[in-house]
Every structure is written in C-alpha cells, then in structure tokens.
Amino acid sequence: MMRVFIGVFVLVWAATAQAGVTIGSWHLPALHHEDDVPLVASSPRRSAEDFSMLNAFAASLELDIVALQGVATQDAAHRLFPKTDYWIHGAPKLDPATGELKGVRGRTYAAFALRKRSAFEVIAVDTLPAFAIEHIEVGSGDETIERALPSAASVTIDSEGETITLLSVHFQPGCPNERLILQDKNDRRRAKDSNRYACRTLLAQALLLENWIEQQHAFGRSVIVLGEFNRHLNSLSGRGRVPDDFWVVLSDGQPESLVLRKGPSELSVNCSQNNNGSDSIPTQFMVFDASLDPLVDPASILPIPFPENLRRNGLAQCPMVLELFRRPP
C-alpha cells in the first residue's frame, strides 16, 4: 500500500570539520500549545505525554534551524523547541499578560525555529504574506468555502562565508498528482471535479514560488525552499515519463542560468523503525539552486527511524535525513 508522506527532513551542513549547521523541515499538523485541546475540532489532540515525546524526539535531532509547517503559535513551537535554546520566527505570539492570541485563531503558519547558539549568523528574517492566498471552492454540501492559506517565512543565514536564504512553505493539499497545466479532456491525470479547485490554487502557489526563486536568483542569492508541498514532485507519468507539473513549472529552464535540484529523489520511502511498514510517497521536499551543489547532495536524503507512537493520530509523521556538506576542493 502506498501512503502520502508527511515528515521531517534533516540537513547537516558541515561548514568545517569542527562546526556545522543542521537544518530540518518538519510538518506538525495543527500544532496547538495546550494539552488535550485541538486547534480546531478536526485537529489532532496532543496530551502532555505526547508533547513530552515530541520534545524528546526534537532534541535528539539536534537541529540548528527548523522549517516548521502547521504551527499555530510561537508557544506551540516552543513546546518542542524550548525558549532557552530557540527563537521562533513566522508564527504569532500569545499576549503574555492576557494569554490571548495575537493572530487569527485556528490558522497555522510556516515558521522557523532558530537555535540561539549555533555556527551561523542570522542576517535577516521575513514573512511573505503573498503565499497566504485565498483558496476558494464549493464544498461537498454546496457551501461556499474561502480559506486563507499559510504565509511563507524566510531566514537568511551566513556560516563560514556562505550566505543562504531559506524559505519555509506549506502549500494547498488535495491535488497530489493531477495535472496542473495542459489539461486535455482525455488526459487520465486531469483534475477531477472534486479537486479541480485545489489544483488551481496549488498552481497559483507554484507560480508564486517560481517568481520568488527567480527574484532571488536575479540578485545572486542562493536559496533552499523547505516544506510541505502536498505534491508528488518525483512522479513520472505516461510512456514518455513526463515529470510532475509542479516541478515543470519551477524548473522550466528560464532563466538559463538558474538550475534547480530537489530532494528526496526516491519515488517512495520506508521509514519504519523495524523497516516493515508501508512505503510512503514523499510530499515534503527541499528545492535548491545549483549554486549550492558544493554543499548539497540530494541523493543523501534518507529516512531515519521514527517512533510509531508519534505517528498515530496524525501527531507527527515519518522523518527523513539529508546531509549537506562541503565537498573537497
């Protein structure tokens, strides 16, 4: 059986033999800060024991920078990444005096957790509300649905003279492998009536991401885009083995000087602790430009063991690992 993959990517950038920067990406669906209280009625309910296990697992990863998706507040992120060790960027705060949320209740955000004592300097942080577009559709009960999607968050770092801008993203679900472009009526992969709205929204986000990457490239900035794409970017269709439409939009060869890579590279992964679980189709990816080839090897992305008790009830899911390194000259 094939299942959609949601999880953690961990990147280790060995800037020197003595000091490195470990970068992760983790989708934690509807992460709320209170014990036994779901963010909304349909969200996962996490107990104090669940938070304790998640915190211990996060600590074991020893991450310096974490791109987070699904986070409702900074307080929720700090349940896994303590204030003593991490700054949180991209998610709203609770008012310390009233405990009220300084944001829209029920919404989630793409964010970053940044370790306070690490071998890198934070040059800039930013929030990109352009990615928080309104998803519009007609629901199954003929009701009108209008929902703002998560904004993106960025952080620019410098480590040992290497400057990289990282973007945490969380894109529209519901269109994992249907056609986004050139939808012929006879195409077996064309969007169905039930998810055509989701596919259109996802295409809009793909075009926005393409604009952002090309903008950064025009100014000579190296980028890594990390997060939940909700898309099977590695899929190949038809006899011609045509790449996924989302990936075609991003890597269209324009401008010629911009070449993009992505990881993981496998069509499916298995990250069960005892290696007997079902294969999963990755939907979380890291997309980066070829200027980072000396540091990034997409083939090094591998699943790492993940406790089954953390995968239940959608609390968190399958982790992955990628080592970023400085290749010998």
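The values are calculated or read from the model by the stated rules, or taken from the named source; none is laboratory data. A quick note: this is a predicted structure, and the numbers were derived from the prediction, not measured. FYI the Cβ positions are ideal-geometry reconstructions off the backbone, even for glycines, and counts take in every protein chain you see.
Just a few scattered comments:
- A residue that is modelled with pLDDT under 90, surrounded by 13 or more Cβ atoms within 10 Å (Cβ to Cβ) and either in contact with a strand residue (DSSP E or B) (Cβ under 7 Å, 6 or more places away or on another chain) or among the aliphatic types (A, V, I, L, M) (or both) occurs somewhere in the stretch 256-263.
- For the residues PRO82, PRO96, PRO44, the requirement of being under 22 Å from VAL169 (Cβ atoms) and in a loop (DSSP other than H, G, I, E, B) singles out PRO44.
- Being within 21 Å of PRO282 (Cβ to Cβ) and either in contact with a Cys (Cβ under 8 Å, 6 or more places away or on another chain) or modelled with pLDDT of 90 or more (or both) holds for only one residue in VAL248, VAL242, and it is VAL248.
- Sole residue being more than 18 Å from the chain's Cα centre (by Cα), at pLDDT 85 or above, surrounded by 15 or more Cβ atoms within 10 Å (Cβ to Cβ) and polar (S, T, N, Q), chosen from GLN284, GLN216: GLN216
- Residue match in the stretch 176-198 (condition: β-branched (Val, Ile, Thr), more than 27 Å from GLU137 (Cβ to Cβ) and modelled with pLDDT of 70 or more): no
- Filter pass, ILE145 being of a type in the set (Val, Ile, Thr), over 26 Å from ALA59 (Cβ atoms) and in contact with a helix residue (DSSP H, G or I) (Cβ under 7 Å, 6 or more places away or on another chain): no
- Residue match in the stretch 47-59 (condition: closer than 24 Å to VAL225 by Cα and either in a strand (DSSP E or B) or not hydrophobic (A, V, I, L, M, F, W, C) (or both)): no
- Among residues of the stretch 48-63, those that are among the charged types (D, E, K, R) and either closer than 19 Å to GLY24 by Cα or at pLDDT below 90 (or both), counted: 1
- Hits in the stretch 40-73 (condition: within 17 Å of the chain's Cα centre (by Cα) and of a type outside the set (Ser, Thr, Tyr)): ALA58, LEU61, LEU63, ASP64, ILE65, VAL66, ALA67, LEU68, GLN69, GLY70, VAL71, ALA72
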